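Engineer: One structure, as structure tokens, below. Some questions next.
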Amino acid sequence: KDYKKVVALRDVREVTLRSPDPSDAPKILEWFTGLVAEDTFVSAPPTSSPTLEEEQRYLERMLERVESIDALHLYAEDSNGRIVGHMGIERETGRMAHYAGLATAVSNGWRDCGLGTALIRTHLTEVHRLNVRSVRLGVMANNPRAIHLYEKFGFREWGRCPERIEYKGEYIDLVEMWLPVRNIKL
């Protein structure tokens, strides 16, 4: 829960991967608002406009899950302290508590430089702390860069939900991927 590590990326820039802090809500809101405005591969439509209060509540719930060892979350900060990426893995509940869901997003200008690889490698190294058997994720079928990243770490497609996501006026399949923890490739 108090993770902090400086990581060198392929393009010689460095980022700090770190645990979230209760005071991060304004920075997270600014980062997320930028992703939404870009209309990139995130589930929130470009018309979304979360408030600082909503972000604070989201962050409080996230920190509670991390504290109870039901989640792993890291943010990536650039050298100016701006958030440029996030990844989280959260354990399911009830009869699915042996499963965890992964979600990630990286800012424009920080893709294809190794940041996604650093985030996923760090999370998969620590996923044993959640005591889960498998990790699952959903990715838009028109995002081959993300699909390739996940496959590199051993994730495999197990199904598709046709036309699940409305994205820029088109209906895109959601590719469902999973990775048994015993098959993690670091």
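The values are calculated or read from the model by the stated rules, or taken from the named source; none is laboratory data. Note that this is a predicted model, so its numbers are computed, not measured. Methodologically, a virtual Cβ is constructed for each residue, glycine included, from the backbone with ideal geometry; neighbour enumeration extends over all protein chains shown. Surface accessibility is based on the protein's heavy atoms, side chains included, excluding ligands, DNA and RNA. Shrake-Rupley method; radii C 1.70, N 1.55, O 1.52, S 1.80 Å.
Engineer: Cross-link candidates for K27: which lysines have Cα within less than 24 Å, leaving aside residues fewer than 8 places away along the same chain?
Structural biologist: Answer for K27, where 24 Å is the Cα cut-off: K1, K4, K5, listed by chain and number.
Engineer: Sorted by average packing, counted as other Cβ atoms within 10 angstrom per residue and highest first, what order do 20-27, 109-116 take? All intermediate terms of the calculation are to be shown ahead of the outcome.
Structural biologist: Numbers: 20-27: 14.9, 109-116: 17.4.
In decreasing order of mean packing, 20-27, 109-116 become 109-116, 20-27.
Engineer: Taking 0.36 nm per intervening residue step and subtracting the Cα-Cα distance, what contour gain separates S43 from E60 on full extension?
Structural biologist: Details: separation 17, 0.36 × 17 = 6.12 nm, distance 2.08 nm.
Here the answer is 4.0 nm.
Engineer: Put a dot 7 Å past each Cα toward the Cβ at E157 and N142; how far apart are the dots in nm?
Structural biologist: Going by the 7 Å Cα→Cβ label model, 1.6 nm.
Engineer: What does the charge dipole of the range 1-40 about its Cα centre add up to, to the nearest 20 debye, if the Cβ of each Lys and Arg holds +1 and the Cβ of each Asp and Glu holds -1?
Structural biologist: Numbers: 7 positive and 8 negative charges, 60 e Å.
Dipole size: approximately 300 debye.
Engineer: Which aspartates and glutamates, if any, have their Cα less than 15 Å from the Cα of K152, not counting same-chain residues under 8 positions apart?
Structural biologist: D112
Engineer: Tell me the per residue accessible area of the chain using a 1.4 Å probe; a whole number in Å² is fine.
Structural biologist: Values: 10270 Å² over 186 residues.
Ligands and nucleic acids excluded, the result is 55 Å² per residue.
Engineer: If you take the charge dipole of the chain about its Cα centre, with +1 on Lys and Arg Cβ and -1 on Asp and Glu Cβ, which of F155, T47, Y58 is farthest toward its positive end?
Structural biologist: So the residue we want is F155.
Engineer: What does the net charge come to around D173 if you take all other residues with beta carbon closer than 13 Å to its beta carbon, with K and R at +1 and D and E at -1? Could the numbers behind the result be given before it?
Structural biologist: On the way: positive: R160, R164; negative: E157, E163, E166, E170, E176.
Result for the local shell: -3.
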